[in-house]
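Novice: This is the structure, below, for whatever I ask next.
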Amino acid sequence: MLDGPKRSLARRWCLLLAGVLACDATAHAQSPDDEQRPPTWTLGSGTTLTLFPSADVYPTPVADPHRPATTIAELFYSDRSIEDTSTPRTALSAGGRFGILRIAPGTPDGRSWQVSITGGLHALFDSQKKNDAIGWEGNYGFALTTASAGPLALKVALQHASSHLGDEYVERTGRKRINYDRGEVAFGGSVRLGRGLRTYVEAAVGYVNRADGQEPWRGHAGLEYESRPVFGGRFAWYGATNVGAWQERAWRVDTALQGGLLARAHGRAYRIAAGYTDGRPMVSEFFRYNERWFTVGLYIDL
């Protein structure tokens, strides 16, 4: 059984996740289609301005284990190196990417532009040690993305991440926080290779690196596939891979695979997925460590 503080922490996370899902479902269930459309204005040239678009012209890397998303997942470790932890662990996240403004062209061959913000919190709990919080991380950022009718989409973003240790983990181990705090400028390109297939590559340079051993450069790339609709057109199968490397990790190549079943509605993607990761732990306070784990969970791309 959980004691008072741990029970309260778990309850807050559950309520947060339930609130996000309930608000999203209620808004879509109770409003007719014409009320769900975001505010849009058409200019004389046919160009449209949309406030709070529900999707982005640049897709989020699906298999990147560090991306902001709303998630509940169980992680089963085949190789763990963080001291005094066990397997499985539970990951809870809340957040995503939220569109602010989109400018769309009046001609089919024109270029769309979008300004978005990202934000989220994710935490890692040790399910074999009274669900103690191992650590948690907050991140936020601003992105400018652009795409046309062609296969290429581009992104530039300012991003920030701050990582922390869980109170219970600190009390049990005496470990001190290394103050991992990173601000960066990121550049990305995404290319559609065919029906349901795309690849991407992104690079970033840090301008805030506070912990000892942090270095500025990192990069990642990936390949994603989404099938044609199945089960009456309500779902699709998908598969994704992501590889990343960080200067602060001596350019070790981290790999992640993810696949499962997804459904799309109102600019959201709902994923029931399984995956495998070999590399950097989800909490950056442990960025020097290498671990391997299998994941089963629910992911919601906001």
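The values are calculated or read from the model by the stated rules, or taken from the named source; none is laboratory data. All values reported here derive from a predicted model rather than from experimental measurement. So basically every Cβ, Gly included, is an ideal-geometry build from the backbone, and we count neighbours across all protein chains shown.
Novice: Looking only at residues that are of a type in the set (D, E, K, R) and buried (at least 22 other Cβ atoms within 10 Å of the Cβ) in the range 98-131, which one is farthest from Gly297 (Cα to Cα)?
Specialist: Among those that are of a type in the set (D, E, K, R) and buried (at least 22 other Cβ atoms within 10 Å of the Cβ), it is Arg102.
Novice: Checking the conditions here, which among Ala203, Ala211 is on the phi < 0 side of the Ramachandran plot and in a strand (DSSP E or B)?
Specialist: Matching residue, one of Ala203, Ala211: Ala203.
Novice: Let me ask another. Does the range 117-133 hold any residues that are polar (S, T, N, Q) and assigned to a strand (DSSP E or B), and which are they?
Specialist: Thr118
Novice: Please verify whether the range 16-29 includes one or more residues that are at pLDDT below 95 and in a loop (DSSP other than H, G, I, E, B).
Specialist: no
Novice: So, of the residues in the range 234-254 that are surrounded by fewer than 17 Cβ atoms within 10 Å (Cβ to Cβ) and charged (D, E, K, R), which turns out to be modelled with the lowest pLDDT?
Specialist: Out of the qualifying residues, it is Arg234.
Novice: For the range 87-116, which positions are outside any strand (DSSP E or B), among the polar types (S, T, N, Q) and out of contact with any Phe, Trp or Tyr (no Cβ under 8 Å at 6 or more places or on another chain)?
Specialist: Thr107
Novice: Now for a different question. Return yes or no: is Gly239 without any contact (Cβ under 8 Å) to a residue 40 or more places away in the chain, over 21 Å from Pro281 (Cα atoms) and either in a strand (DSSP E or B) or polar (S, T, N, Q) (or both)?
Specialist: yes
Novice: Determine which single condition Leu257 fails, assuming it passes every other condition in (1) at negative phi; (2) surrounded by fewer than 20 Cβ atoms within 10 Å (Cβ to Cβ); (3) outside any strand (DSSP E or B); (4) not small (Gly, Ala, Ser).
Specialist: (3)
Novice: A further question on this structure: Do you know which of the residues in the range 207-233 that are under 20 Å from Gly279 (Cα atoms) and crowded, with 18+ Cβ neighbours inside 10 Å is farthest from the chain's Cα centre (by Cα)?
Specialist: Ranking the candidates gives Gln214 first.
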